[in-house]
Amino acid sequence: QVQLVESGGGLVQAGGSLRLSCAASGRTFSSYTMGWFRTAPGKEREFAAAISWSGGTTYYTDSVKGRFTISRDNAKNTVFLQMNSLKPEDTAVYYCAAAYKGYTSRSVGAYDYWGQGTQVTVSS
């Protein structure tokens with residue numbers, strides 16, 4: 001089993017940057033594909049980015065391409081989401097998720113474990 005804890009959220013002005021971190025427990029972190037999802041007020045949870053177990057493959061939703069970068073440090077059991085050029089529409093609760101030996105999927109159902117979320121608010 002994997003436990004995930006997100007951090008790094010906060011309030012930022014449009015055009016600013018934030019770096020989210022997700023720390024994972026367990027000794028098999030390198031066997032998990034990791035994803036970042038977000039839930040905006042009044043909307044369903046949506047995919048933002050994913051990274052393969054090795055870090056060699058990344059996948060982004062169109063709305064964050066060129067602005068967000070997902071990365072991981074398997075030695076520290078941590079996945080990151082660097083968010084630049086933030087927009088008010090990026091305001092959401094951001095969740096990290098883990099899929100055991102999974103593909104870099106954009107589907108919520110493909111992930112086995114979820115963190116509790118961290119709030120990101122972008123003011124205009």
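The values are calculated or read from the model by the stated rules, or taken from the named source; none is laboratory data. This is a predicted model, so every value here is computed, not measured. So basically every Cβ, Gly included, is an ideal-geometry build from the backbone, and we count neighbours across all protein chains shown. Keep in mind that these areas ignore ligands, DNA and RNA; they rest on the heavy atoms of the full protein, side chains included. Shrake-Rupley method; radii C 1.70, N 1.55, O 1.52, S 1.80 Å.
Normalised by the residues of the chain, what does the relative contact order come to in percent, with Cα pairs under 8 Å and at least six apart?
Relative contact order, the chain: 36 percent.
Rounded to the nearest 20 Debye, what is the dipole magnitude of the chain about its Cα centre when Lys and Arg each give +1 and Asp and Glu each give -1 at the C-beta?
Details: 12 positive and 8 negative charges, 40 e Å.
It works out to roughly 200 debye.
Using per-residue counts of other Cβ atoms within 10 Å, averaged over each peptide, order 24-35, 104-115, 54-65 from highest down.
Going by the mean number of other Cβ atoms within 10 Å, highest first, we get 24-35, 104-115, 54-65.
Name the aspartates and glutamates eligible as straight-distance cross-link partners of residue 101: C-alpha to C-alpha under 13 Å, and not fewer than 8 places from it in the same chain.
Filter leaves 112.
Can you tell me which lysines have their Cα less than 23 Å from the Cα of residue 43? Leave out same-chain residues fewer than eight positions away.
65, 87
Order of 38-48, 85-95 by packing, highest average Cβ count within 10 Å first?
Packing proxy ranking, top to bottom: 85-95, 38-48.
Taking all protein chains in place and a 1.4 Å probe, what share, in percent, of the accessible surface of the chain do carbon and sulfur account for?
After summing per-atom areas, the C and S share lands at 47 percent.
Principal axes first, then extents: for the Cα atoms of the chain, list largest minus smallest coordinate on each axis, whole Å, largest first.
That gives 41, 26, 25 Å along the principal axes, largest extent first.
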